[in-house]
Amino acid sequence: MNLSRDVALIGAGMTRFHNKIHADKTSREIFLEATLEAINSVDKNFEFKDIEALFLGTFSGDSFENQAHMAALMADWLGINPKPAIRIEDACASSGVAISMGAMAIASGLYDIVMVGGVEKMTSLDTNKVTDTLAMAADNLFEVSAGFTFPGLYASIATAHFAKHGSRWDQLAAVSIKNHYNGSLNPKAHFQTSVLDVAKKMGESRGLTFKDEMEFLRSPLNPVVAYPLRLFDCCPISDGAAVVILAEAKKAKRFTDTPIFLKGLGQASDTMCLSNREDLTSLKGTKIAAQQAYKMAGVKPKDIDLAVVHDCFTIAEILATEDLGFFPKGEGGVAAEEGRTAINGDKPVNPDGGLKAKGHPVGATGAAMAYEMFKQLRGEAGKHQIADAEIGLSHNVGASGATVTVQIYGK
Amino acid sequence: MSVPRYWREEKYRYRLIGSRCSKCGEIFFPRRLVCSKCRSRQLRDYKLSEKGRIVSWTIIRNPPKEYEKYAPYAVGLIELDDGLKIISQLVDLEPEEIKTGMRVEATFRKIREEGSSGIIEYGYKFRPVIE
């Protein structure tokens, strides 16, 4: 399957993801900030009025801010009325799906230029209520009522992966150390401190010294959230927004000499309840979505120069690198431990810090992945640039895998 | 959860009832109205096996608000003897005792209270089998 018209990225913007710096803003202001940056990033000739439609991925303004009907609100707020505005909610994959919907709208011939974005303002609720809101993305009747939380669901995936494939917590820690290091290179990341520096800082104030990251991560300063997942295995609660501008490939030339092309996309659904899956150690949706995307792009896993994957928990990155075909099943943890997914490894994964360090304002994550693709493939990623990146893959997951979307980008 | 919504689910939660497709034999929990294997609509109530083994588990230390007084508590995925997997709290055991493969059985327990004047929900939890 192919898109009937080719689609390109011509601009991208995002706010820093953070839990404090957006405290005095609502999602409107946050979204505007990302939008203005996206518009300013277009190389030439672009004006607000060129936007023909807005596709907005957002998870739960309804609960976080008592605000639904968010797409229309943003269109109004940005001053693009009467252009159509469509909200897409697929849990943590909301704006990843929105990118595909925007691309399809262009491919259909209905529009030539659309704006796709994602936003979430999570910190207006206290942590308890945020947990409850996020739990709405799981099966309310049969998962949440058993007392499960998202860390709990992914922790169960981890224990199953440990039991079946012999992976270990040290390998999860390796993912965390890597992503925090990458975050330290990314000015848009929520956490910009390496685990070693966190260990030093937290140790100093308590009169403790740690010989290395692992000793710190094994200490009570990194408490267990849901065995085997500890605090540093979980992504933070962040506010933020990201926006990309998509254009029909030929029209894209009017705005830039270096567009980035959407080469392939795929999407799949799976059972809501983890208990209804045949295999807990794999996200079937990832495999299916990836196969579709690889086929459309005409590339194989070995051709991918860098990937941004949905590491809401460290175990999720290990699953993703296996299910996307980068490493054989059961060897994702070993690959992380050996540094193969590091920024200078043979298969760099989450050079932007991933959800773990970059942050995870749920509805903004998919669009932020597209932002990273745009920057990396244009060679504009700064300190976390992957040299000579030609083909990139983004992987965005809703909840525990009931929605998965994969996109492949190229020059 | 609203009272009627809870009442509607009572049968399934109190007696561990799922559905079985009369056409292809596939069993489901939670119950379904359409068979996701053969698409038939001939689904009948099916009483699940009350025993099984733990296939995966964790200990919840940061629980949702309504479960705070139980924390830390164990939860797991259990493969029942009839082959179906179910998700549940694990009770009457210490975290250190839990092992993948451990035999467990369903037991009727209080699940949560909805505030001080809301409904009290009951349902299944799983505990170790004493054999």
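The values are calculated or read from the model by the stated rules, or taken from the named source; none is laboratory data. Source: prediction; values computed, not measured. Backbone-built Cβ (ideal geometry, glycine too); neighbour counts: all protein chains shown. What goes into the accessible areas is simple: the full protein's heavy atoms, side chains included, and nothing from ligands, DNA or RNA. Shrake-Rupley method; radii C 1.70, N 1.55, O 1.52, S 1.80 Å.
Using the Cα atoms of segment A:238-316 to build a convex hull, what is its mean projected area in square nanometres?
Average of the hull's projected areas for segment A:238-316 equals 8.0 nm².
Mind checking A:222-235 for the average number of partner chain beta-carbons within 10 Å of each residue's beta-carbon?
Whole-number average of other-chain Cβ neighbours for A:222-235 is 3.
At a Förster radius of 45 Å, what calculated FRET efficiency corresponds to the Cβ-Cβ distance of B:ARG44 and A:LYS129, to the nearest 0.05?
Efficiency, from the Cβ-Cβ distance: 0.65.
Charges at C-beta only: +1 for Lys and Arg, -1 for Asp and Glu. How large is the resulting dipole of segment B:3-47 about its Cα centre, in Debye rounded to 20?
That gives a dipole near 100 debye.
How large is ³J(HN,Hα), in whole Hz, for each residue of segment A:64-71 in order, when computed from phi with the Karplus curve 6.51 cos²θ - 1.76 cosθ + 1.60 and θ = phi - 60°, using x for Gly and Pro?
Working through the residues one at a time gives 5, 10, 6, 10, 9, 6, 5, 5 Hz.
Check which residues have an amide H placed less than 5 Å from A:LYS263's amide H, if you skip close sequence neighbours.
Hits under the 5 Å cutoff: A:ILE408, A:TYR409, A:GLY410.
Can you tell me which of B:8-18, A:353-363 comes out highest on packing, and rank the rest after it, using the mean Cβ neighbours within 10 Å?
Most protected by this proxy first, the peptides run A:353-363, B:8-18.
Quick one: work out the % antiparallel among DSSP beta bridges in chain A, nearest 5.
Antiparallel bridges: around 75 percent, rounded to the nearest 5.
Send over the semi-axes of segment A:27-113's equivalent ellipsoid, whole angstrom and largest first, taken as the square roots of 5 times the C-alpha gyration tensor eigenvalues.
21, 16, 12
Looking at chain A as a GNM with Cα springs under 10 Å, which of A:ASP270, A:ASP233, A:ASP126 has the largest mean-square fluctuation?
A:ASP126
Among B:78-88, A:176-186, B:44-54, A:42-52, how do they line up by average Cβ neighbours within 10 Å per residue, starting with the highest?
Descending packing order for the listed peptides: A:176-186, B:78-88, B:44-54, A:42-52.
Over all directions, the average projected area of the alpha-carbon convex hull for segment B:51-128 comes to how many nm²?
5.1
With no other cysteine's Cβ closer than 4.7 Å, which Cys residues of the protein assembly as shown count as lacking a disulfide-compatible partner?
Lone cysteines by the Cβ rule: A:CYS92, A:CYS234, A:CYS235, A:CYS273, A:CYS312.
Looking at chain A as a GNM with Cα springs under 10 Å, which of A:SER95, A:SER108, A:SER282 has the largest mean-square fluctuation?
Per the Cα network of chain A with a 10 Å cutoff, A:SER108 tops the list.
Please say if chain B is rounded, prolate or oblate, where rounded means a/c under 1.5 for a ≥ b ≥ c the square roots of the C-alpha gyration tensor eigenvalues, and otherwise the choice is prolate for a/b larger than b/c and oblate otherwise?
Oblate, because a/c is 1.5 or more while a/b does not exceed b/c.
State which entries of B:LYS47/B:LYS125; A:LYS284/B:LYS125; A:LYS329/B:LYS37; A:LYS300/A:LYS358 exceed 20 angstrom in Cα-Cα distance in the structure shown.
Beyond 20 Å: A:LYS284/B:LYS125; A:LYS329/B:LYS37; A:LYS300/A:LYS358.
In nanometres, what is the gap between the two model label sites at A:HIS69 and A:LYS302, each 7 Å from Cα along Cα-to-Cβ?
5.5
Among B:32-38, A:223-229, A:142-148, what's the highest-first ranking by average C-beta atoms within 10 angstrom per residue?
Packing proxy ranking, top to bottom: A:142-148, A:223-229, B:32-38.
Rounded to the nearest 10 degrees, what's the angle between the helix A:195-206 long axis and the longest principal axis of chain A, both from Cα atoms, 0 to 90?
Here the helix axis deviates by roughly 60 degrees.
Given the C-alpha centroids of segment A:363-393 and segment A:307-324, what is the distance between them in whole angstrom?
17
Given the C-alpha centroids of segment B:36-83 and segment A:65-122, what is the distance between them in whole angstrom?
Here the answer is 36 Å between Cα centres.
Heavy atoms only, 1.4 Å probe, whole protein assembly: order A:MET101, B:MET102 by accessible area, highest first.
A:MET101, B:MET102
Taking square-rooted eigenvalues a ≥ b ≥ c of the alpha carbon gyration tensor, is segment A:266-369 rounded, prolate or oblate, where a/c under 1.5 means rounded and, failing that, a/b exceeding b/c means prolate?
rounded
As a quick test, which of the pairs A:LYS253/A:LYS302; A:LYS129/B:LYS69; A:LYS25/B:LYS69; A:LYS251/A:LYS375 have an alpha carbon distance above 26 angstrom in this structure?
Beyond 26 Å: A:LYS253/A:LYS302; A:LYS25/B:LYS69.
What is the angle, in °, between the Cα long axis of helix A:150-165 and the longest principal axis of the Cα atoms in chain A? Nearest 10 is fine, range 0 to 90.
Rounded to the nearest ten degrees, it is 60.
Can you give the mean number of other chain Cβ atoms that lie within 10 Å of the Cβ atoms in peptide A:137-146?
Neighbouring Cβ atoms belonging to other protein chains average 6 per residue here.
Helix-only estimate, please: 222 nm mean residue ellipticity of the protein assembly as shown, summing -39500 (n - 2.57) across DSSP H runs of length 4 or more and dividing by its residues, to the nearest 500.
-9000 deg cm²/dmol
Could you check how many percent of all C-alpha pairs in segment A:192-342 are farther apart than 19 Å?
Across segment A:192-342, Cα pairs with separations above 19 Å total 68 percent.
Express the relative contact order of chain A as a whole percentage, based on alpha carbon pairs under 8 Å and six or more residues apart in sequence.
27
State whether the protein assembly as shown is rounded, prolate or oblate according to the following rule on the C-alpha gyration tensor (a ≥ b ≥ c being the square roots of its eigenvalues): a/c under 1.5 gives rounded; otherwise a/b larger than b/c gives prolate, and the remaining case gives oblate.
Here the protein assembly as shown falls in the prolate category.
For the protein assembly as shown, with all protein chains present and a 1.4 Å probe, just round the carbon and sulfur fraction of the accessible area to a whole percent.
With neighbouring chains kept in place, the figure for the protein assembly as shown is 51 percent.
Can you compute the radius of gyration and Dmax for segment B:3-47, using only the Cα atoms, both in Å?
Rg, Dmax (Cα atoms, Å): 11.0, 35.
Rounding to the nearest 20 debye, state how big the charge dipole of chain B is about its Cα centre with +1 on each Lys and Arg Cβ and -1 on each Asp and Glu Cβ.
Rounded to the nearest 20 debye, it is 780 debye.
Just report the Cα centroid separation between segment A:234-293 and segment A:132-160, whole Å.
Between the Cα centre of segment A:234-293 and that of segment A:132-160, the gap is 23 Å.
If the only charges are +1 at each Lys and Arg Cβ and -1 at each Asp and Glu Cβ, what is the size of the charge dipole of the protein assembly as shown around the Cα centre, to the nearest 20 debye?
The calculation lands at about 1100 debye.
What whole-number value in Å² describes the accessible area per residue of segment B:30-79 for a 1.4 Å probe?
That works out to 54 Å² per residue.
I'd like the mean, over residues of B:97-105, of how many other protein chain beta carbons sit within 10 Å of each residue's own Cβ.
Mean partner shielding for this stretch: 1.
Taking 8 Å as the Cα distance limit and 6 or more residues as the minimum spacing, I'd like the relative contact order of segment B:51-128 as a percentage.
Relative contact order of segment B:51-128: 31 percent.
Given a cut-off of under 8 Å on Cα pairs at least six residues apart, what relative contact order in percent is computed for chain B?
Value for chain B: 21 percent.
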